[in-house]
1. Just name the residue that is modelled with the lowest pLDDT out of those in the stretch A:207-226 that are in a helix (DSSP H, G or I) and touching a helix residue (DSSP H, G or I) at 6+ places or on another chain (Cβ under 6 Å).
2. With A:365, A:356 as the choices, which residue is touching a strand residue (DSSP E or B) at 6+ places or on another chain (Cβ under 7 Å), farther than 22 Å from residue A:222 by Cα, hydroxyl-bearing (Ser, Thr, Tyr) and surrounded by fewer than 24 Cβ atoms within 10 Å (Cβ to Cβ)?
3. Any idea which residue in the stretch B:335-350 is farthest from residue B:275 (Cα to Cα), counting only those that are surrounded by 18 or more Cβ atoms within 10 Å (Cβ to Cβ) and within 13 Å of chain A (Cβ to nearest Cβ)?
4. Just wondering, is there one or more residues in the stretch B:275-286 that are away from chain A (no Cβ under 13 Å), closer than 30 Å to residue B:150 by Cβ, within 20 Å of the chain's Cα centre (by Cα) and assigned to a loop (DSSP other than H, G, I, E, B)?
5. Could we say that residue A:65 is in a helix (DSSP H, G or I), closer than 30 Å to residue B:350 by Cα and within 14 Å of another protein chain (Cβ to nearest Cβ) here?
6. Restricting attention to the stretch A:118-159, which residues are polar (S, T, N, Q), within 25 Å of the chain's Cα centre (by Cα) and either assigned by TED's automatic domain parsing to the domain that holds residue A:396 or under 16 Å from residue A:22 (Cα atoms) (or both)?
7. Do we have residue B:324 as closer than 22 Å to residue A:58 by Cβ, buried (at least 24 other Cβ atoms within 10 Å of the Cβ), in contact (Cβ under 8 Å) with a residue 12 or more places away in the chain and at the interface with chain A (Cβ under 10 Å from one of its Cβ atoms) here?
8. If residue A:55 passes every condition in (1) away from chain B (no Cβ under 13 Å); (2) part of a loop (DSSP other than H, G, I, E, B) but one, which one does it miss?
There are 2 protein chains.
Amino acid sequence: MSEKQLLGDDEIKLPTGYRAAGLRAGIKKRDVKDMALIVSDEPARIAGVFTTNQVTAAPVKWCREGIKGGAARAIVINSGNANACTGEQGMRDTAQMAQWTADTLDVPVDTVFVCSTGSIGDLLPMPVIEKGIQQLVPALSQAGGRDAAEAIMTTDLYPKHWSVTIEVEGKPVTVSGIVKGAGMIEPNMATMLAFCLTDAKIAPDALQQALTDAVNQSFNRITVDGDQSTNDTVLLLANGQAQHSTELTPAHPDWSAFVEALHEVTLQLALKIVDDGEGSHKRITVLVEGANSDTDADKAARAIANSFLVKTSWAGAHAIWGRVMETMGYSGARILEDQVDIWYDDVQAVQSGIYTGVSRKDLETIIAQPVFILRVNLNIGDGTAVIYTCEITEEYVRINVE
Amino acid sequence: MSEKQLLGDDEIKLPTGYRAAGLRAGIKKRDVKDMALIVSDEPARIAGVFTTNQVTAAPVKWCREGIKGGAARAIVINSGNANACTGEQGMRDTAQMAQWTADTLDVPVDTVFVCSTGSIGDLLPMPVIEKGIQQLVPALSQAGGRDAAEAIMTTDLYPKHWSVTIEVEGKPVTVSGIVKGAGMIEPNMATMLAFCLTDAKIAPDALQQALTDAVNQSFNRITVDGDQSTNDTVLLLANGQAQHSTELTPAHPDWSAFVEALHEVTLQLALKIVDDGEGSHKRITVLVEGANSDTDADKAARAIANSFLVKTSWAGAHAIWGRVMETMGYSGARILEDQVDIWYDDVQAVQSGIYTGVSRKDLETIIAQPVFILRVNLNIGDGTAVIYTCEITEEYVRINVE
């Protein structure tokens, strides 16, 4: 656990032209930070990716509408209450949160984005929110990223962030992100929130496409418990304050450098979520190759990564490859039982659907590691998929039950 | 737990013309019964329903082929080893098990059905199996049903059976069944096996249709952990030894009495599986109404019943209806958030997608009960579905991890 906490101990580097703050407003019972504000000093372009759940929280509805305007000055976030399943009053409360923030910052209300995370079904404590916003604005600073990362935490053990600086036209461009995890401790505390900021100048369509692609290769590649929240939101702001002169589009010679930086930030944030899965001490990479299609590979990999029985066997460091076979068998992916090969790291446990006879102790040694790769080749096509996940421990259940 | 154990303490009534036996052959390390034999003194008609998993154990392949012949004299079963993912050798071993049984009983080998349950991936210990069969045959008796029910257990806490006697043309007809559970303790111990026996005379097509319908309304309505095994098998034998003169078909005036009896047996066996879910102390009936279609209702109900986070909240007796909303939102069923109503027994927690304000303590009192109903009305159509399930406790995970 000490190693995990160390990971988050450094300061967070915000790109040029951004300030942030995080503090305790008093939404949560525990004495921890529960509100954050991120501000771009100049209007930024904004892109967003949201939960696919049919039940969406009021702030998700607000943000989905807001990104159509294309301009962002601020993101105001609270933890401790998801403002989900709160009906019309929930929508009014989100709008009010945006309005208070807009008024205090003196920016247009349609450039203020709102995110909430926490319990579902309770109305926001609006007097507490109002006071929080009033305190957040004077607290804004370029060094405030870490406070913001702490304030959006729910069941996370530590704040999570990543930052990359690249060169565009020889000038420094930074991409930074903070995230809170999708793993759940209290059963009504869900939600992944990620906020990525860059000072690059980027064309609006390119911005959204870059974010969608990055999310597909990162946040959509992880699973802790398979549930999808009402509040999941990823926002990307680009305020153009870096010194390069030409707007980034896919035609720009440095476009790929930007895309790689964004992918690195989102992937690192996603992996931090897995590493911070509650009660979890392992990261397992599930790689499925040779499937009938990428879609089939994805189905098989997700079934493995979400199988309660596979995940508990990892916690016990048991090499139960039969459970992996069985799980793929009902995953919906096409499999031919006698074609399947399975490896744990470089040790092959299954060839053509049956046990290779390799030492079980060797397999258990691999599974006992904090990080290992479960690789499956279905040997019937070219489809591939990777999913990052963690094991399920007793601790996880205890926390969820209590 | 004492109440649970009492449930299985009575003797099992086998229909006329059946004998059974169960004993310890020595497949399992623990000193418990691990082989069973069920015999019909006259050739019986047979119907079967098997796992939909693409990975199927050798005995499932054998039985699927065998029911085409339509005649059954014996079912030989072992626990402790699933004979799954065992390739060609596994198929030869299943055939050998059938042959030994056929030789010892002096019946045709294609009237012998084989079922296995236990660890996946290991070859059967054939000398032990052979000795077991030799011991089982002389042990057969009409009172042997309970021994057989014990011998098919893996992680079950108690043997499970149900028996109903009805009248057909004024003559007694009995339907009896034994089952082992689908809940898993050791992660590689899966499988539901159910054996239903009747002395009724039934037309072959009617027999298969009656079983398929009964399974759809019983074993397919339960879920413990959502996994589907490589070995799941339900067999129904009808040996025609009852005294009624006309073969049962849907046109027979007593057909519905037979169907009801079979439904009762399969439903009671299914509910016993839920009640014996490992680490579980509750049975929850999830009823979804008002869905766009029965298929949608089924998706929503299964998503709720399989959600790790919903199930752990039941263990803690928390009324986390927000999690139920969220789960339905990603279930694939169409839902309109502001149309959803949710009840716990007769107390309405959600109306039109938002909290009714009912006392949380009242809800928690309901959820703390050993049996309660979670009822959802989606209010957008006429589709309905019911799923029976149990909660997930720390105990469940501890056993799975160890």
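The values are calculated or read from the model by the stated rules, or taken from the named source; none is laboratory data. Just so it is clear, the structure is predicted and the values come from calculations on it, not from any experiment. Note that each Cβ is placed from the backbone with ideal geometry, even for glycine, and that neighbours are counted across all protein chains shown.
1. Kept after step one, since they are in a helix (DSSP H, G or I), are these residues of the stretch A:207-226: A:207-216, A:219-221.
Going one step further and asking which of them are touching a helix residue (DSSP H, G or I) at 6+ places or on another chain (Cβ under 6 Å), we end up with A:210, A:214, A:219.
Values: A:210: 98, A:214: 97, A:219: 91.
Applying the filter and picking the extreme gives A:219.
2. Only one candidate qualifies: A:356.
3. Going through the qualifying residues, I end up with B:337.
4. From the stretch B:275-286, those away from chain A (no Cβ under 13 Å) are B:275-276, B:283-286; that's our starting set.
Going one step further and asking which of them are closer than 30 Å to residue B:150 by Cβ, we end up with B:275-276, B:283-285.
Of the ones still in play, those that are also within 20 Å of the chain's Cα centre (by Cα) are B:275-276, B:283-285.
Adding the requirement that they be assigned to a loop (DSSP other than H, G, I, E, B) leaves B:276.
Checking the stretch B:275-286: at least one residue is away from chain A (no Cβ under 13 Å), closer than 30 Å to residue B:150 by Cβ, within 20 Å of the chain's Cα centre (by Cα) and assigned to a loop (DSSP other than H, G, I, E, B).
5. Details: in a helix (DSSP H, G or I): yes; closer than 30 Å to residue B:350 by Cα: yes; within 14 Å of another protein chain (Cβ to nearest Cβ): no.
In short, no.
6. A:141, A:142, A:154
7. yes
8. (1)
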